[in-house]
Structure formats: C-alpha cells, structure tokens
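Enquirer: What follows is a structure written as structure tokens; I'll ask about it next.
The values are calculated or read from the model by the stated rules, or taken from the named source; none is laboratory data. Model, not experiment: these values are computed from the prediction. Virtual Cβ from ideal backbone geometry, glycine too; neighbours counted across all protein chains shown. Quick note on the areas: whole protein, heavy atoms, side chains included, nothing else; ligands and nucleic acids left out. Shrake-Rupley method; radii C 1.70, N 1.55, O 1.52, S 1.80 Å.
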Amino acid sequence: MTNERNRPNVLLVVSHPDHESATWAIARAVEQGIHSDGSTTATTHDLTASGFDPVFNAADLAVHRLLGEVPADVRREQELIESADVVAVLFPVYWWSMPALAKGWIDRVFSRGWAYENSSPEGPSAVKELHFIALAGVNQDSFDRRGYKDSITLQLHAGIAGYSEIAESSIEILYGTETTDPQAHQELAAQGYKLGADLAQRAQSAFDNG
C-alpha cells in the first residue's frame, strides 16, 4: 500500500445512536488503547451521525453488475477505509447479527471490484485488515450454548472478510454489556482498551510493511 502519511492510522467504525451507551463507552476505551503507543492515530467514524444511507439501491446494483460508477457517498466511505492501515467495526449485537446500519454500510461500501474481485496488483481487496468488535448484552454461556458465537463468526469472519480475501481479519465478542454493575463496566472498558492497543500494534506493523 502506498502510504503518504507519517503515522499509522486505525479507522474505528461505530454503529450506535446513543453516545451514553455501553457501546460508545467501550468505543472510547478502544480509542484510548489505540493512542496508547503514542504513535498510532484513531479516526472514529460515527455511522449514525454521518447520515450514511445503508439501503442498497439501484445505483449500488449497477456497481455490482459492473455497469455503473460508485455513488459519491459510497466513494467517500471507501476513501476513509483507504486512508487507514486497519479497519475495526464496533457494534452491539442485534438479533445475533450486526445492526442494520452497520450491515448496510458493508452492503454498499464493500462493493464488487473494490472490496472483492479486485484486479489491483496490490491485492484482491482494497481492505487490507478488517476486525469486528461485537458487543453482546448476554453472557458468554448463552452464546456458547446456542451456537451464536459460531454463527456470527461464520457470517462476519468467513462470509465477509474471507469472501473478500482480506489478508488479516478477526472477531472479538465482549459479553454482558447490558449489566448495571460498575465493576463489570470497568472490566469491559479494560477489554476495549486492550483491543485498541492490539489494533495499534497491527496498524504499526501494516504501516511499516506498506
């Protein structure tokens, strides 16, 4: 990847309308973790505040059929991704999947010929690293007993990142986010901070090798 920046950058995409929510509290902890190495920058992209339209439309279908140009709003999102060394998507689990806004962002922005089936000599996908941070309201036992962890991992890690041949990808699930226990919230923030620090290391490595 040609890199004209002088510092590695993580794009943190957050899908939740309430900035007082556990989702945003953890997102802020992730940001702090990204900054902890003193060199990596974090670009936090609030999908709700951005006004991004998640509905896959006729113009998007034309792009998929290789018959039309990428819409301007989609191209702006793609440029955000291209400006980052690592992309992380953070969201609450709704109905054992992503919220509609986050899923629609993937539907429209991860377009054919860009996110996948990309003929660029730089690789099969314009997205070099894609990491998911899923926030579950219930505990891990509920996820494990019902197979939800396997299901969401298959959908996101294999179905999106794997299909797009993205070189590096992962999914992390943080559990019990609906608790009112202050100690539990502190533990979740600590987990978010560590994930942010890990993302910073990934970004630094990608930047150095880019």
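Enquirer: Does the range 42-90 hold any residues that are among the small types (Gly, Ala, Ser), open to solvent by 50 Å² or more (accessible area, probe 1.4 Å) and assigned to a helix (DSSP H, G or I), and which are they?
Expert: Once the filter is applied, which keeps residues that are among the small types (Gly, Ala, Ser), open to solvent by 50 Å² or more (accessible area, probe 1.4 Å) and assigned to a helix (DSSP H, G or I), the range 42-90 yields ALA49, SER50, ALA58, ALA72.
Enquirer: Now, a different point. Please work out which one of (1) farther than 20 Å from HIS64 by Cβ; (2) over 13 Å from the mean Cα position of the chain (by Cα); (3) of a type outside the set (Phe, Trp, Tyr) is the condition LEU80 fails and give its number.
Expert: (2)
Enquirer: Residue by residue through the range 1-28, note down the ones that are more than 19 Å from ALA84 (Cβ to Cβ), open to solvent by less than 60 Å² (accessible area, probe 1.4 Å) and not hydroxyl-bearing (Ser, Thr, Tyr).
Expert: Residues satisfying the conditions are HIS16, ALA22, TRP24, ALA25, ILE26.
Enquirer: Between a residue in the range 30-54 that is closer than 15 Å to ASP85 by Cα and in contact (Cβ under 8 Å) with a residue 24 or more places away in the chain and any residue that is open to solvent by 40 Å² or more (accessible area, probe 1.4 Å) and among the charged types (D, E, K, R), which pairs come within a Cβ distance under 9 Å, given they are 6 or more apart or on different chains?
Expert: The qualifying pairs are SER39/ARG7; THR40/ARG7; THR41/ARG5; THR41/ARG7; ALA42/GLU31; THR44/ARG28; THR44/GLU31.
Enquirer: For the range 29-40, which residues satisfy the criterion of being open to solvent by 40 Å² or more (accessible area, probe 1.4 Å) and either touching a strand residue (DSSP E or B) at 6+ places or on another chain (Cβ under 8 Å) or assigned to a helix (DSSP H, G or I) (or both)?
Expert: GLU31, GLN32, HIS35
Enquirer: Now for a different question. Quickly run through the range 157-210 and pick out the residues that are touching a helix residue (DSSP H, G or I) at 6+ places or on another chain (Cβ under 8 Å), of a type in the set (Gly, Ala, Ser) and under 23 Å from VAL93 (Cα atoms).
Expert: Matches in the range 157-210: SER169, SER170, GLY176, ALA189, ALA190, GLY192, GLY196, ALA197.
Enquirer: Assess whether ALA136 counts as being among the hydrophobic types (A, V, I, L, M, F, W, C), closer than 23 Å to HIS16 by Cβ and in contact with a Gly (Cβ under 6 Å, 6 or more places away or on another chain).
Expert: no
Enquirer: Tally up the residues in the range 150-189 that are within 19 Å of ARG112 (Cβ to Cβ) and free of Cβ contacts under 8 Å to residues at least 12 places away in the same chain, please.
Expert: 3
Enquirer: Then there is this: Can you name every residue in the range 3-25 that is within 20 Å of ASP198 (Cα to Cα) and modelled with pLDDT under 95?
Expert: ASN6, ARG7
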